[in-house]
Structures are given as structure tokens and as C-alpha cells.
Amino acid sequence: MTIAAKLQDGRVSPVELTEQMLERIDRLNPRLNCFLHVTRELALEQAAQAQREIGQGRVRGPLHGVPVAVKDLCFTRGIPTTGGMSFRKDFRPATDATVVERLRDAGAILLGKLHLTEGACIEHHPAFGNPVNPWRADLWTGASSSGSGVAVAAGLCFAAIGSDTGGSIRFPSVQQGLTGLKPTWGRVSRNGIFDLAPSYDTLGPMARSAADAAAVMGAIAGPDPLDPTALQDEVPDYLASLGTIASVRGVRIGIDRSYNDEGADERVIAAVEDAARIFSSLGARIEPVVFPDPARMMKHMSDVHMAELAAVHAETYPTMADHYGKWIRRGLESGHRLSPQEYASTSIEKDRFSGRLRQIFNDVDVLIAPVFSFPAPTWAEFEHIVETDISRLFRFTIPFNASGSPTITFPAGFSEPRRPIGIQLIGPHLSEAQLLGLVHSYQTVTHWHLALSSVDTTLER
């Protein structure tokens with residue numbers, strides 16, 4: 001983050017920067033609807049503390065004094081935390097989520113809580129309305145981490161925390177032209193969040209570049225005694241491991257071109273191929289592979305998610321069914337109907353898919369793939385997909401939630417003016433450092449991630 005260097009050498013004041021960000025939120029959030037709650041007093045208090053500490057030479061790290069925000073399923077002590085649910089609008093947790101605590105310990109400044117879909121599912125609750133994509137108002141904002149995507153793209157925070165159960169870091173990253181990292185399952189503690197499907201949920205950073213995502217990831221990753229599912233592995237210095245363009249040399253990148261046979265849009269195919277050519281020009285080896293077929297696993301995957309959601313909401317559904325929106329009610333009912341045999345079959349296929357994917361990583365280091373096989377959808381196109389064949393939406397995302405694999409999504413072009421295309425790299429477990437390094441090298445020689453400057457210009461008109 002270039003802002004970090006300016007904060008740490010005194011060129012920018014944390015207090016003045018925070019005041020400017022709060023003013024920008026006041027001015028633009030009524031149009032964009034991405035913040036559900038602004039933590040003004042806390043932000044100014046944290047900014048004043050950061051200013052004192054930096055002035056005394058006690059710099060905590062690259063996030064010290066940097067204004068950020070978190071998805072409103074992360075618990076914040078004494079601050080409303082809704083999980084996108086209208087009946088939780090007055091819920092004020094007694095403790096912070098681990099991810100919030102770690103951002104605070106890193107010296108980051110919390111600007112507020114970001115909009116999300118109801119229960120982190122597909123649709124926003126009518127009481128909260130929809131956020132607005134700063135590229136184009138008719139473009140979908142991208143599932144549950146929608147507010148996180150809009151806020152970062154609109155320059156209302158320097159980075160945000162999202163969560164991903166079936167694509168909810170990757171979808172809004174595509175839709176808003178961001179770099180979003182879905183880490184290995186368990187790499188980031190989930191203590192203190194509203195779950196969707198706990199065995200798939202993953203928290204991660206959403207930012208304007210791989211370097212910014214690396215700075216956030218370094219603060220939030222690691223073991224947590226409050227989350228027994230958090231991985232115990234040592235956390236590398238993600239920023240230091242970004243390396244140089246030379247670090248791409250010899251990396252084996254696998255590509256499965258069979259998506260050409262699935263009716264994929266030629267502009268998406270071209271973006272993937274162009275990115276592969278750029279990595280090749282930097283010294284990577286592009287290797288043909290065949291992805292394991294996820295079809296049998298995905299047959300009941302959505303219902304499995306809803307079965308886990310039903311367990312999470314057992315205390316409030318169906319007793320408070322009238323407080324739930326139409327889509328999530330329908331999903332919860334499908335979760336209640338899922339048979340033990342269907343659940344077991346999906347779990348078996350999940351293990352088989354994960355094993356086949358691990359075998360592929362014996363031959364290549366990472367995979368490159370679309371996020372969508374079609375251009376970033378408009379709201380109308382998204383609604384049509386949901387009603388006709390929702391599996392199209394998740395074809396390149398849910399399989400890597402099932403395997404627990406880390407993926408990084410990054411901007412790679414436009415299908416038409418102000419309609420971004422994003423693609424992803426997928427790696428074996430705990431390969432976040434390599435994924436971040438590869439995309440950082442790509443962004444060193446391309447300009448797609450810099451196009452967000454045009455959003456800033458448009459919003460100021």
C-alpha cells in the first residue's frame with residue numbers, strides 16, 4: 001500500500017486521512033449503500049492512537065494507520081452486527097471476531113461494517129436494499145461480500161474483509177475489478193462470525209492489488225485457540241514473499257481448455273488465454289491439464305450448504321420464519337429436506353474430487369481458470385441465472401470451496417466498457433504466498449487493476 005509508506009514517514013496524518021475517508025463515506029454511501037454501520041467514533045479514536053504511536057516510532061506494520069472495513073458478519077464488540085438479517089439489526093456482540101482483533105492489533109483503523117446478502121446467501125434482505133456497483137448501476141455486485149467489493153472499488157476503504165462459501169470473495173472481486181484472496185480453509189480463524197456453511201466458509205482480504213491483499217493477509221492469518229479448525233501452520237511474510245518478476249520463471253501453470261466446449265463466452269476465454277500468455281512471457285510454463293469433473297459432487301452441493309445453514313439457524317428458524325426473506329427461507333427448507341444419503345453421497349464425492357485435484361498439483365504448481373464462463377452479469381442476468389440454472393454461477397468456484405483450496409481472483413480485462421472480467425489462480429493448500437506473488441508479478445506488467453482510478457473519477461462528478 002503506497003498509503004502505508006506515507007503514513008509511516010509522516011507525509012500523511014492518520015487522523016486527517018480517517019477524517020477524509022469518513023467524509024467520503026458520508027458523501028457516497030447514500031448512493032452506493034455499501035456500509036450498514038459507520039464506526040465514526042471508534043475510527044477517530046484508533047486514528048489518534050495510530051498517530052501517537054507512529055510519531056513515537058512505534059510502527060506496528062504495513063497496516064498501521066490504514067483505514068479498512070469488515071463484512072457485517074464479523075462480530076464487533078458493542079457495535080451492531082447483522083449478518084444481513086433484519087431481526088439482528090440491534091445485536092451487539094460482547095467480543096470482537098478474531099479477524100477484527102488482529103486488524104486492530106496490526107494498527108488498522110476500522111471505518112465500519114459492510115453490507116452483505118441475507119445470512120451470507122444469495123439475496124439481500126429487502127429491509128437493507130441492494131448495494132450499487134460503482135462501475136455501472138446495472139451490474140450485479142456479487143453475492144454476499146457485495147458491500148466489501150463496492151467499498152474497496154469506490155475508495156471508501158483501502159481494503160476489506162470478505163467471506164467465501166461458494167464464491168463470495170471471488171464474485172464481488174470480479175464484479176468490481178478487485179483482487180480477492182480466498183485462503184486455504186482454516187488459514188484464517190472464523191471465531192466470532194455468523195456462519196453460512198461452517199465446513200466451507202473462509203475469510204479473506206479484498207483489495208485493489210495483490211500487494212494490498214498480502215498486507216492484510218499477513219495480519220489476519222494464523223492459528224487461533226478460539227477456533228479449533230484454524231490451521232496450526234506457521235504464517236509466512238506474505239509481503240516479503242511477493243518477490244520479483246523473475247520469481248515467475250519456471251512456475252508450472254495448468255490450464256484446462258475444455259471450458260471452450262461448455263459455451264463459455266469468447267471474451268472470457270480470451271482473457272484467460274491472454275493472462276496465460278503474459279505469465280508465459282514472464283517465464284512460467286503453461287501446461288495443459290484436465291480438471292476433475294465436479295458434476296457429481298455439485299449435484300447436491302447447494303442443498304448441503306443449506307443443511308449446514310439450517311443447523312446454524314436452528315434457534316431462529318422456523319420459529320422466526322416471518323423475519324426471513326423469500327430466497328433464504330426456500331434454501332433453509334431445501335436443507336431440511338436433504339436426505340442423509342444425499343448428504344453422505346456429496347461428502348464422498350467431495351473427498352474424491354479433492355483427491356483428484358491434489359494429484360493434478362503433482363504435475364503443476366497452480367491452475368488458471370475463469371471465475372464465470374460468461375461476462376460479469378447485470379442484475380437482470382444474475383436473476384435469470386438464479387432462476388434457470390444456478391449451477392452455471394458456481395461451476396468454477398464451489399469446487400475449490402469443497403477442496404479447501406486457496407484461490408486468488410484478479411482483474412484481467414473488460415468484456416465491454418465498464419464491465420470487468422476477472423479470472424483466478426488456484427493452488428494447493430497453503431500456497432497463498434505463491435498465488436499472491438504470481439498476481440503481483442502480473443500486475444507489475446499489466447494495468448487492469450489500475451482501471452479503478454476511472455471509478456474514482458466518475459464518482460466525483
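We did not get these values from a lab; they are worked out from the coordinates using the rules stated. Model, not experiment: these values are computed from the prediction. Don't worry about glycine lacking a Cβ; one is built from the backbone with ideal geometry, like all the others, and counts go over all protein chains shown.
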Rounding to the nearest 20 debye, state how big the charge dipole of the range 371-461 is about its Cα centre with +1 on each Lys and Arg Cβ and -1 on each Asp and Glu Cβ.
-> 180
Hey, of (1) 0.91; (2) 1.06; (3) 1.02, which did the structure itself give for Cα Rg over 2.2 N^0.38 Å when calculated?
-> (1)
Would you work out if the range 301-395 is rounded, prolate or oblate? Take a ≥ b ≥ c from the square roots of the eigenvalues of the alpha-carbon gyration tensor; rounded if a/c is under 1.5, else prolate when a/b is larger than b/c, oblate otherwise.
-> oblate
Full extension from ALA94 to ALA246: what is 0.36 nm times the residue separation minus their Cα-Cα distance, to one decimal in nm?
-> 49.9 nm
With the 8 Å Cα cutoff and a minimum separation of six or more residues, the range 58-153 has a relative contact order in percent of 29
Could you give the nm distance between label points at ALA137 and ARG356, where each point is 7 Å from its Cα heading toward the beta carbon?
-> 4.6
What does the charge dipole of the range 121-252 about its Cα centre add up to, to the nearest 20 debye, if the Cβ of each Lys and Arg holds +1 and the Cβ of each Asp and Glu holds -1?
-> 480
Say the dipole of the chain comes from +1 at the beta carbon of Lys and Arg and -1 at that of Asp and Glu; which of PHE75, LEU44, VAL304 then lies farthest toward its positive end?
-> LEU44
Decide, for the range 165-307, between rounded, prolate and oblate: order the square roots of the alpha carbon gyration tensor eigenvalues as a ≥ b ≥ c, take rounded if a/c falls under 1.5, and otherwise choose prolate if a/b is larger than b/c, else oblate.
-> oblate
For GLU460 and VAL290 in the same chain, what is the full-extension length gain: residue separation times 0.36 nm, less their Cα-Cα distance, in nm?
-> 56.6 nm
Rounded to 0.05, the calculated FRET efficiency for the beta carbons of GLU234 and GLU53 at R₀ = 25 Å is 0.40
What is the antiparallel percent of DSSP beta bridges lying wholly in the range 2-459, to the nearest 5?
-> 70
How large is the dipole of the chain about the Cα centre if only Lys and Arg carry +1 and Asp and Glu carry -1, each at its Cβ, rounded to the nearest 20 debye?
-> 500
Would you please classify the overall shape of the range 65-163 from the alpha carbon gyration tensor, given that a ≥ b ≥ c denote the square roots of the eigenvalues, rounded means a/c under 1.5, and beyond that prolate means a/b larger than b/c while oblate covers the rest?
-> oblate
Contact order relative to length for the chain, counting C-alpha pairs under 8 Å separated by 6 or more residues, stands in percent at 17
Give the total of Lys-Lys pairs in the chain with Cα-Cα distances below 15 Å; include a pair only if its members are 8 or more places apart or on different chains.
-> 5
Say each of ASP105 and HIS323 gets a label point 7 Å from the Cα, pointing the same way as Cα to Cβ; how far apart are those two points in nm?
-> 3.3
Value at 222 nm in deg cm²/dmol, rounded to 500, when DSSP H runs of n ≥ 4 in the chain each add -39,500 (n - 2.57) = -12000 deg cm²/dmol
FRET efficiency for ASP9 and HIS384, Cβ-Cβ distance as r, R0 = 35 Å, nearest 0.05?
-> 0.10
Any chance you could check the Cα centroid distance between the range 412-434 and the range 220-264 for me, in angstrom?
-> 12
Cα-projected label distance for THR444 with GLU41, points at 7 Å along beta-carbon direction, nm | 4.7
Mean Cα-pair separation over length for the range 246-293, i.e. relative contact order, pairs under 8 Å, 6 or more apart, % | 65
